[in-house]
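A short write-up of the structure that comes next.
The values are calculated or read from the model by the stated rules, or taken from the named source; none is laboratory data. Just so we're clear, the structure is a prediction, and the values are computed from it rather than from any experiment. Neighbour counts run over all protein chains shown; Cβ positions are idealised from the backbone, glycine included. In case anyone asks, the SASA skips ligands and DNA or RNA and just uses the protein heavy atoms, side chains included. Shrake-Rupley method; radii C 1.70, N 1.55, O 1.52, S 1.80 Å.
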Number of protein chains: 2
Amino acid sequence: MAQNETIANFLDGLASSAPTPGGGGAAAISGAMGAALVSMVCNLTIGKKKYVEVEAELKDVLAKSEALRATLTGMIADDVEAFDAVMAAYGLPKGTDEEKAARAEKIQSALKVATDVPLACCRTCREVIDLAEIVADKGNLNVISDAGVAVLSAFAGLRSAALNVYVNAKGLDDRAFADERLKELEGLLGEAAGLNERVYEVVKNKVN
Amino acid sequence: MAQNETIANFLDGLASSAPTPGGGGAAAISGAMGAALVSMVCNLTIGKKKYVEVEAELKDVLAKSEALRATLTGMIADDVEAFDAVMAAYGLPKGTDEEKAARAEKIQSALKVATDVPLACCRTCREVIDLAEIVADKGNLNVISDAGVAVLSAFAGLRSAALNVYVNAKGLDDRAFADERLKELEGLLGEAAGLNERVYEVVKNKVN
């Protein structure tokens, strides 16, 4: 996806019958919005007298959240590329036994990439959640709801990307490869679910 | 927010120390992505022989999801407008008793709008979740993960907008007005939480 695509155009493309952008791109955008909101809370806390004690820590959080935001924004395109490679492999000729074998091999290697790309998105969203927890605890109270939206967005991004891991891992013949990814994924999902609810409650109590 | 703003620019603005766009805009985008993904599943189901029995129903879902997407996209700008009105009211002069009274009144009326705008976003996201449930049950199996991402995005949008309802309702002197909104909100959140998990499980079982 081009960096200069507009939001309205992206949503039009998401809604259309074109296969990409789809849920994988939406997952990456959710994660990127989460990272951006962590940065926003940092930017509105750093430099304020009242928050001088947490300034050094939030400067460090900001550097990390901006790096994660760049990574997640790049994953919008990675998702399209991985999907296109799977589709291209399925489109290869299958007239002869040799062609069939080459096609099957290409499909399997493309599915491995298409499993690892959303898994990387899950890992990155998980890191955003850790940063959202810090800003929910220590950020400027005037914008603390944005820390809550940050964790909700990142968690939605993680669970959304997880669905794409499942879809692609299902088609893999290499079950050891698939099971290793699925095991990591369950760990990420479990930790993130607990953190998401904890951070949401912290923020809800601060804004109520 | 201009319709032709790019995603990268929107994320830059979200991350910056400018107060808008913030969590309210991110909530509306999450909801709009949910609606767009419902539309995508409809568009990739309608016209397929295998799904002829659900075609009429999904055409109806598509018309509704596209209307909800337009509403949610418009709410990105509504959120900025409501926030700016609150800030403008706080900025009014407060030198004399008359000025103080006029300012207090303006703040209260702006906060009522700033409570109702995210509540409308919550209601609209709730409607997207109902449509996501239908497409998760009946949509084309090849893109069923997108129905799962639809429900996750819409639910994240609802909970995100809810935080902005809390923030603004807290400042209201008219407690009857506030309590009525908060009561409706709790109903929306409770129903949506159950539906979100149900739809996610339906999709997860189909892709595993």
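So which pairs qualify, if the first residue must be in the stretch B:138-153 and at the interface with chain A (Cβ under 8 Å from one of its Cβ atoms) and closer than 14 Å to A:Leu14 by Cα, the second must be open to solvent by 10 Å² or more (accessible area, probe 1.4 Å) and part of a loop (DSSP other than H, G, I, E, B), the Cβ gap must be under 8 Å, and the two must be at least 6 apart or on different chains?
Final answer for the pair search is B:Val143/A:Pro19; B:Val143/B:Leu44.
Are any of the residues in the stretch B:46-58 among the charged types (D, E, K, R), within 8 Å of another protein chain (Cβ to nearest Cβ), over 30 Å from B:Met87 (Cβ atoms) and in contact with a Ser or Thr (Cβ under 9 Å, 6 or more places away or on another chain)?
No, that holds for no residue.
Kindly indicate which of A:Lys100, A:Lys94, A:Lys48 is surrounded by fewer than 19 Cβ atoms within 10 Å (Cβ to Cβ) and touching a residue at least 40 places away in the same chain (Cβ under 8 Å).
A:Lys48
May I ask you to list the residues in the stretch B:163-195 that are open to solvent by less than 10 Å² (accessible area, probe 1.4 Å) and in contact with a Lys or Arg (Cβ under 9 Å, 6 or more places away or on another chain)?
B:Leu163, B:Val165, B:Tyr166, B:Ala169, B:Leu172, B:Ala178, B:Ala192
Every residue, every condition in (1) at pLDDT 95 or above; (2) open to solvent by 70 Å² or more (accessible area, probe 1.4 Å), yes or no:
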| position | (1), (2) |
| --- | --- |
| B:Glu55 | yes, no |
| B:Ile76 | no, no |
| B:Ala82 | yes, no |
| B:Tyr90 | yes, yes |
| B:Leu111 | yes, no |
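Given the structure, is A:Gly148 buried (at least 24 other Cβ atoms within 10 Å of the Cβ), farther than 30 Å from B:Leu141 by Cα and either touching a Lys or Arg at 6+ places or on another chain (Cβ under 8 Å) or of a type outside the set (Val, Ile, Thr) (or both)?
So A:Gly148 passes the test.
Taking the condition of being at the interface with chain A (Cβ under 7 Å from one of its Cβ atoms) and more than 16 Å from the chain's Cα centre (by Cα), how many residues in the stretch B:1-38 meet it?
Here the count works out to 12.
Quick test for you: out of B:Arg126, B:Arg103, B:Arg159, pick the one residue that is within 12 Å of another protein chain (Cβ to nearest Cβ) and charged (D, E, K, R).
Exactly one residue qualifies, and that residue is B:Arg159.
Is there any pair with a first residue in the stretch A:184-208 that is within 16 Å of A:Ala147 (Cβ to Cβ) and a second that is of a type outside the set (A, V, I, L, M, F, W, C) and loosely packed, with under 14 Cβ neighbours inside 10 Å whose Cβ atoms are under 8 Å apart and which are 6 or more apart or on different chains, and what are they?
Going by the 8 Å Cβ cut-off, the qualifying pairs are A:Val207/B:Lys170; A:Asn208/B:Lys170.
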